[in-house]
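Colleague: My questions will all concern the structure given below.
The values are calculated or read from the model by the stated rules, or taken from the named source; none is laboratory data. Computed from a predicted model, the values in this text were never measured in an experiment. When we count neighbours, we look across all protein chains shown, and the Cβ atoms used for this are built from the backbone with ideal geometry, even at glycine. All accessible areas refer to the heavy atoms of the entire protein, side chains included, with ligands and DNA or RNA removed. Shrake-Rupley method; radii C 1.70, N 1.55, O 1.52, S 1.80 Å.
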Amino acid sequence: MIILDKNTRCVVQGITGKQGSFHTEQMLNYHTKIVAGTSPGKGGQNIGELPIYNSIEEAKEEHDINASIIFVPAPFAKDAAFEAISQLDLAVIITEHIPVHDTMEIVEYAKREKTTIIGPNTPGIISPGVGKLGIMPTHIFNEGNVGIVSRSGTLTYEVANQVTDSGMGQSTCIGIGGDPVVGLDFADVLQRFEDDDNTAAMVMIGEIGGNAEEIAAKFINKNITKPVVAYIAGVTAPPGKRMGHAGAIIEGNSSTAASKIEALEDSGVYVAERPSEIADLIWELI
Amino acid sequence: MKIHEYIAKDIFKEEGISIPKSKLAVSPEEAKMVSSEIGKPVVIKSQILVGGRGKAGGIKFADNPDEVYTKANEILGSTLKDERVEMVLVEEKLDIISEYYLSIVLDRSAKKPLIMASMSGGIDIEDVAQNNPEKIIKYYLNPLDEFLPYHGREIAIKMGVPNSLITKLGAVVCKLFNVFQKYDATVAEINPLVVTVNGIIAADAKLEIDDDALYRQKSLVELEKVNKGEFAYVKLDGDIAVIGNGAGLTLSGMDMLKLYGGKPATFLDIGGGSSQENIVKALNIVISDPDVKTVFLNVLGGITRADDVARGVLDVLDATKHKVPIVIRLTGTNEEEGQRILKEAGVSYETSMEAAAKKAVELCKDII
């Protein structure tokens with residue numbers, strides 16, 4: 001497994017909000033090491049048995065924390081992310097609709113501070129058997145040796161479910177986020193799966209927009225020896241229309257599904273035409 | 001969200017980028033009038049949001065006012081790339097020494113703003129990018145760093161501009177970056193950026209705003225919204241905002257202001273059947289404009305109900321702490337009710353347009 005392992009001890013930023021409190025409970029039910037929450041002005045209260053602090057600094061005085069998951073609303077997300085980056089090694093930003101100028105600053109600051117950012121606009125990360133920092137349903141995951149990385153949410157669940165149903169499981173599953181600018185990208189995650197002893201094969205789920213998949217294809221060609229199966233959503237999408245995700249818009253030739261599929265196949269990646277083919281392809285490859 | 005050229009140019013101008021003399025026109029008559037004011041050959045540019053309008057016939061040159069009329073008449077009401085042309089920008093034709101290209105975009109994979117600049121500007125920049133990519137320089141910006149004038153000069157030097165232009169062009173880059181940041185742009189582009197004897201002028205302006213940032217770009221959203229048909233809105237250079245229901249009445253209100261020595265800051269026609277909510281929107285558009293010192297609301301209710309208007313006015317007065325006085329002329333459908341609502345709230349009103357116009361001019365004078 002990668003990034004989220006038994007040494008990850010997490011604080012929830014924005015824990016008193018509707019999303020924050022609900023998903024904290026879900027994460028705890030999945031035995032994730034959530035040790036505290038923050039909500040400025042609500043320090044000293046509790047949610048269940050979990051203590052709430054006014055700031056990460058305050059929480060760190062009482063607990064050993066190295067990661068954060070952020071549920072703070074978009075207008076305040078940059079502030080929350082900077083607070084996390086200044087003091088922690090990992091920040092998972094669930095929040096959607098963060099202005100892209102804010103995200104660029106978050107990503108650059110994280111690079112300087114050597115903090116790993118997942119998201120924004122991500123379902124999060126799950127390492128079955130260890131825990132999850134995210135909002136994904138857990139029953140579709142199973143411990144195993146397939147690493148999954150994806151730009152989308154529910155499509156990831158679709159694929160993870162099929163991998164599980166076919167009798168395999170996941171080492172770690174990461175949604176990198178649907179926005180135009182995100183922290184970890186495909187190449188970063190694939191490299192970590194390559195280096196991870198518990199991962200035998202990888203699934204990469206892309207979609208129209210940008211050229212992250214094309215860059216990943218080149219990267220795979222050069223650096224990845226383990227088998228990779230890919231799926232690209234949006235083959236029939238019209239150009240120029242934003243398709244749900246802010247990042248999913250065809251602008252020019254490199255952002256079409258056809259271009260991405262071609263680039264991946266040229267790099268020796270097996271590209272599934274349908275999500276349901278993915279599990280079978282992996283069985284053949286490992 | 002894509003921004004119309006004429007709005008983008010106003011923004012560029014505010015940030016100190018020179019733009020050509022220009023004015024918006026919605027009819028051939030108006031276009032002709034504008035070109036007479038400009039007094040030299042002009043370019044007539046359709047104000048649509050789809051790209052490639054030049055090649056689609058949406059930009060025409062005219063040497064004299066009669067020709068302007070003919071060509072504006074051809075463009076207005078025509079359909080270019082599925083978009084109907086409702087407005088044209090009539091703009092002085094520049095005496096071009098050279099055409100440059102300057103743009104700032106969001107580079108998704110680098111996760112940073114990217115400046116691209118070239119001395120080979122003009123409509124065929126795509127061909128330059130394809131065939132002579134070395135002629136376009138690329139410069140990445142660190143989103144956490146302040147953009148300083150020397151960054152701009154470095155770009156100008158890399159482009160290869162003459163020494164006499166290095167500082168001037170550097171300043172334009174700097175100002176365009178300010179626009180990019182201040183307005184949460186994903187694209188800010190000037191093509192062509194024209195060198196003339198009078199300096200460097202943005203002959204075109206392309207601006208796209210991040211949809212996720214619209215919550216903090218409200219003034220821009222309002223400007224664009226009103227042009228999607230909710231209101232007919234034109235910004236003028238005076239200090240009294242004129243709002244009316246119906247184009248004729250609104251125009252007439254402007255004329256009355258001028259008669260008493262005032263200067264209109266806006267033409268805003270709220271149209272027929274305006275709701276309370278529409279009144280609030282219209283008032284908010286003009287009172288958020290720092291140039292507006294007084295508002296002249298001129299309503300003669302037909303389908304629009306005076307009581308709705310009165311409630312809308314009170315909503316705005318209650319919700320804002322602004323100090324911009326609103327002079328109200330309120331008559332027509334449901335006027336008794338409308339006037340009663342204002343009276344009870346202690347808000348004064350006029351029943352004649354002239355009296356209201358005069359009052360607005362006097363109030364505005366006192367403010368200065």
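Colleague: Find the percent of Cα-Cα distances in the range B:86-215 that exceed 22 Å, and round it to a whole number.
Modeller: 36 percent
Colleague: A further question on this structure: What are the extents of the Cα atoms of chain B along their three principal axes, listed from largest to smallest and rounded to whole Å?
Modeller: So the extents along the principal axes, rounded to whole Å, are 72, 50, 40.
Colleague: Mind pulling the per residue volume of the convex hull built on the Cα atoms of the range B:46-102? Å³ is fine. Walk me through the numbers before you get to the answer.
Modeller: Values: hull volume 5.5 nm³, N = 57.
For the range B:46-102, the hull spanned by Cα atoms encloses 96 Å³ per residue.
Colleague: Run through every distinct alpha carbon pair of the range B:1-109 and return the Kirkwood hydrodynamic radius in angstroms, one decimal place.
Modeller: With all distinct Cα pairs of the range B:1-109 included, I get 14.7 Å.
Colleague: Among B:Ile136, B:Val280, B:Ile190, pick out the residue whose Cα is farthest towards the positive end of the charge dipole of chain B, where Lys and Arg carry +1 and Asp and Glu carry -1 on C-beta, about the Cα centre.
Modeller: Looking along the dipole axis, the top candidate is B:Ile136.
Colleague: Using only the Cα atoms, work out Rg/Rh for the range A:102-183, with Rh taken as the Kirkwood radius, to two decimals.
Modeller: Computed over Cα atoms, the ratio is 1.03.
Colleague: Under 5 Å between amide H atoms, partner at least 5 residues away or on a different chain: which partners does A:Glu207 have, H built in plane at 1.01 Å?
Modeller: Result for A:Glu207 returns A:Ala233.
Colleague: Among the listed pairs A:Lys218/B:Lys138; A:Lys18/B:Lys323; A:Lys42/B:Lys2; B:Lys206/B:Lys235; B:Lys9/B:Lys293, give every one whose C-alpha distance is greater than 29 Å.
Modeller: On the way: A:Lys218/B:Lys138 22 Å; A:Lys18/B:Lys323 39 Å; A:Lys42/B:Lys2 41 Å; B:Lys206/B:Lys235 19 Å; B:Lys9/B:Lys293 23 Å.
Correct reply: A:Lys18/B:Lys323; A:Lys42/B:Lys2.
Colleague: I need the phi-derived Karplus couplings for the range A:202-215: 6.51 cos²θ - 1.76 cosθ + 1.60, θ = phi - 60°, integer Hz, Gly and Pro marked x.
Modeller: Once θ is set to phi - 60°, the couplings for the range A:202-215 become 10, 10, 10, 10, x, 7, 4, x, x, 9, 4, 5, 5, 5 Hz.
Colleague: Let me ask you something else. If packing is taken as the average count of other Cβ atoms within 10 Å, what order do A:14-23, B:279-288 fall into, highest mean first? Don't skip to the answer; put the middle values down first.
Modeller: Working: A:14-23: 18.3, B:279-288: 21.4.
So the peptides A:14-23, B:279-288, ranked by packing, come out B:279-288, A:14-23.
Colleague: Rg and Dmax of the range A:57-198, Cα atoms, in Å?
Modeller: Values for the range A:57-198 (Cα only, Rg and Dmax): 15.1, 46 Å.
Colleague: Counting only other chains, and only Cβ atoms inside 10 Å, what mean value do you get across the residues of B:99-109?
Modeller: Per residue, the number of nearby Cβ atoms from other chains is 3 on average.
Colleague: Follow-up. Direction-averaged shadow area of the convex hull around the Cα atoms of the range B:178-261, nm²?
Modeller: Values: hull surface 33.7 nm².
For the Cα atoms of the range B:178-261, the hull's average projected area reads 8.4 nm².
Colleague: Let me know the whole percent of all Cα-Cα pairs from the protein assembly as shown that are separated by more than 34 Å. Don't skip to the end; give the middle numbers.
Modeller: Values: 119421 of 213531 pairs.
Of all Cα-Cα distances in the protein assembly as shown, 56 percent exceed 34 Å.
Colleague: Counting every Cα pair in chain A, what percent are over 37 Å apart?
Modeller: Within chain A, distances greater than 37 Å cover 11 percent of Cα pairs.
Colleague: Same structure, new question: Would you pull out the residues with amide H under 5 Å of B:Ile19's amide H, same chain only if 5 or more places away, H placed 1.01 Å from N?
Modeller: Correct list: B:Ala202.
Colleague: ³J(HN,Hα) across the range B:143-151 via Karplus (A = 6.51, B = -1.76, C = 1.60, θ = phi - 60°), whole Hz, x for Gly/Pro?
Modeller: x, 8, 9, 6, 8, 9, x, 5, 4
Colleague: So, for the range B:87-202, what is the accessible surface per residue at a probe of 1.4 Å, expressed in square angstrom?
Modeller: With all protein chains present, the range B:87-202 gives 44 Å² per residue.
Colleague: For the range B:11-92, compute the number of Lys pairs whose alpha carbons are separated by less than 14 Å, excluding pairs fewer than 8 positions apart on the same chain.
Modeller: Taking the Cα cut-off of 14 Å, the pair count is 16.
Colleague: Quickly estimate the mean residue ellipticity at 222 nm for the protein assembly as shown, helices only: each DSSP H run with n ≥ 4 gives -39500 (n - 2.57), and the total goes over all residues, rounded to 500.
Modeller: -11000 deg cm²/dmol
Colleague: Can you run phi through the Karplus equation (6.51, -1.76, 1.60; θ = phi - 60°) for the range B:21-27 and list ³J(HN,Hα) in whole Hz, with x for Gly and Pro?
Modeller: 4, 7, 8, 7, 9, 10, 9
Colleague: Next question. Can you list the residues, at least 5 places off or on another chain, whose amide H is less than 5 Å from the amide H of A:Gly169, using H built in the peptide plane?
Modeller: Those lying under 5 Å, H to H, from A:Gly169 are A:Asn145, A:Val146.
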